Amino acid sequence: MRGRVEAQGVMFHAFHIADFVPADHPLRSIKPRADAVLKAMSAHFNRAYTKHGAPSIPPERLIKALLLRALYSIRSETQLVEQIGYNFLFRWFLDLQPTDGVWVQETFTMNRQRFEQHGLVRKFFDRVVAEALVAGLVSDDHFSVDGTLIESYASMKSLRPIEKQNQKVSDGADDDDGGNPTVNFRGEKRSNQTHLSLTDAEARLARKGKGQPAKLSHSGHVLMENRHGLCLDIAVDDPNGKYERLQAAIMLERTYERHGLWPKTLGADGNYKEGAFLAALEGDGITPHVPLPDGPIRGLDSPDPAERAAAAARRRAKRRMKTKRYGISQRVRKRIEELIGWCKTVGGLARAWFIGRWKIRQQSEATAAAYNLLRMARLAPAG
């Protein structure tokens, strides 16, 4: 018999939101881990907020909402707030009752500076890494490092010669369309030495490879442990090749200071083949597994001791490429590309959500924390 839609259904329902969440849903494992980390951060939250005035939206909920945005590829904070309003799964994750109101989008904006001043998102990320370490999911022997480009939120239309006094994009437009001005760059050569973005002054022109278009970008850097592909550290910097090696050294030091981890080997791609960098790693007891191009090693007979040391490190790295350990390290290193790929395609780091490198750094830390929690949920589901 055909069923019929009731025009007037039951007016009141009694249910528990958790009953709608499948028993094997990843958020069932992510939630208790995130709650435990946030509970341990209570003292940090107390220092960030005054004891007087009207109660704020709990910072724990705001940080967990950032996790949801990364996990579910939500394109804006406005849409995130909208989905929290009607999505029972999100309400359960945030400990909101069905009848509780939802904060407005501006709440994220008002708290973002406070989170940065007190390093709350970074502290949350570091504590997630510490939880993975306690759970035995982190290798303390073999790491990998890699960099990527994060496209700026600014448009290429915002580029202007440094000496010009334009204050906004429409100032140099070829028409009077303030919303979407026409800007003609024909015949004009643009570079980081001659041009600057009016919208995002920290962004720089960079390209992914030869033959690729140059775009306004920032650089992202990731340090990964090789056992399960968890992110140990993440950083955002200027999209300059030398910063890949600089950030690699910074992330290694920071991981040691915060977690006591110092690897035996470090896998990387050809962008890390500089001899001075390889020699510095070896001096710190780390064996670099880095591919070098074919051809002779130059500088072995240099009168400069630093150049000789760099050339010798490159020669050792080239010989190391024939070993079995090098092959394993490079094969496992590809997991870092999967990590970066998830953060960019699912987590939203392919293009920055904000203007300002500190905001992009905060975005990347929340995204990396979400990735780690998801990996941990699959590797060792919480009870």
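The values are calculated or read from the model by the stated rules, or taken from the named source; none is laboratory data. These numbers were taken from a predicted model, which means no experiment stands behind them. Positions of Cβ are backbone-derived with ideal geometry, glycine not excepted, and every protein chain shown enters the neighbour counts.
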Taking only pairs six or more apart or across chains, which ones have beta-carbon atoms under 9 Å, a first residue in the range 12-31 that is surrounded by 10 or more Cβ atoms within 10 Å (Cβ to Cβ), and a second residue that is of a type in the set (Gly, Ala, Ser) and part of a loop (DSSP other than H, G, I, E, B)? 28/382; 29/380; 29/382; 29/383; 30/382; 31/382
Among the residues of the range 124-166, write down those that are closer than 23 Å to residue 196 by Cβ, assigned to a helix (DSSP H, G or I) and of a type in the set (D, E, K, R). 157
Among residues belonging to the range 60-73 that are farther than 16 Å from residue 109 by Cβ and of a type outside the set (Lys, Arg), point out the one that is surrounded by the fewest Cβ atoms within 10 Å (Cβ to Cβ). 73
Considering each residue of the range 355-383, count those that are farther than 22 Å from residue 116 by Cα and surrounded by fewer than 18 Cβ atoms within 10 Å (Cβ to Cβ), and give that number. 6
Screening 298, 319, 308 for residues that are farther than 23 Å from residue 142 by Cα, among the basic types (Lys, Arg), surrounded by fewer than 13 Cβ atoms within 10 Å (Cβ to Cβ) and out of contact with any strand residue (DSSP E or B) (no Cβ under 9 Å at 6 or more places or on another chain) leaves only 298
Pairs please, first residue from the range 351-375 and under 20 Å from residue 134 (Cβ atoms), second anywhere and in a loop (DSSP other than H, G, I, E, B), Cβ atoms under 7 Å, 6+ apart in sequence or on different chains. 370/347; 371/347; 372/230; 375/228; 375/229; 375/230
Test result for residue 326, touching a Gly at 6+ places or on another chain (Cβ under 9 Å), within 30 Å of residue 26 (Cα to Cα) and buried (at least 18 other Cβ atoms within 10 Å of the Cβ): no
Determine whether residue 249 is touching a residue at least 60 places away in the same chain (Cβ under 8 Å) and within 30 Å of residue 131 (Cα to Cα). no
Could you say which residue among 70, 34, 65 is of a type in the set (Gly, Ala, Ser), at pLDDT 90 or above and touching a Gly at 6+ places or on another chain (Cβ under 8 Å)? 70
List the number of the failed condition for residue 313; all other conditions in (1) more than 28 Å from residue 148 (Cβ to Cβ); (2) surrounded by 17 or more Cβ atoms within 10 Å (Cβ to Cβ) hold. (1)
Does residue 239 satisfy the condition of being at pLDDT below 90 and within 25 Å of residue 166 (Cβ to Cβ)? no
Residue 352 being within 16 Å of residue 121 (Cα to Cα) and surrounded by 23 or more Cβ atoms within 10 Å (Cβ to Cβ): no
Filter pass, residue 331 being under 30 Å from residue 70 (Cβ atoms) and touching a strand residue (DSSP E or B) at 6+ places or on another chain (Cβ under 6 Å): no
Yes or no: the range 198-208 includes at least one residue that is among the small types (Gly, Ala, Ser), over 21 Å from the mean Cα position of the chain (by Cα) and not assigned by TED's automatic domain parsing to the domain that holds residue 268. no
Only one residue in 55, 59 is of a type outside the set (A, V, I, L, M, F, W, C) and over 25 Å from the mean Cα position of the chain (by Cα). Which one? 55
Could you please give the count of residues in the range 253-275 that are assigned to a helix (DSSP H, G or I) and either within 24 Å of the chain's Cα centre (by Cα) or modelled with pLDDT of 95 or more (or both)? 10
Taking only pairs six or more apart or across chains, which ones have beta-carbon atoms under 7 Å, a first residue in the range 167-191 that is surrounded by fewer than 14 Cβ atoms within 10 Å (Cβ to Cβ), and a second residue that is outside any loop (DSSP other than H, G, I, E, B) and of a type outside the set (A, V, I, L, M)? 178/170
Would you pick out the residues in the range 276-292 that are in a loop (DSSP other than H, G, I, E, B) and not small (Gly, Ala, Ser)? 284, 286, 290, 291, 292
Residue 284 surrounded by fewer than 16 Cβ atoms within 10 Å (Cβ to Cβ), more than 15 Å from the chain's Cα centre (by Cα) and within 20 Å of residue 252 (Cβ to Cβ): yes
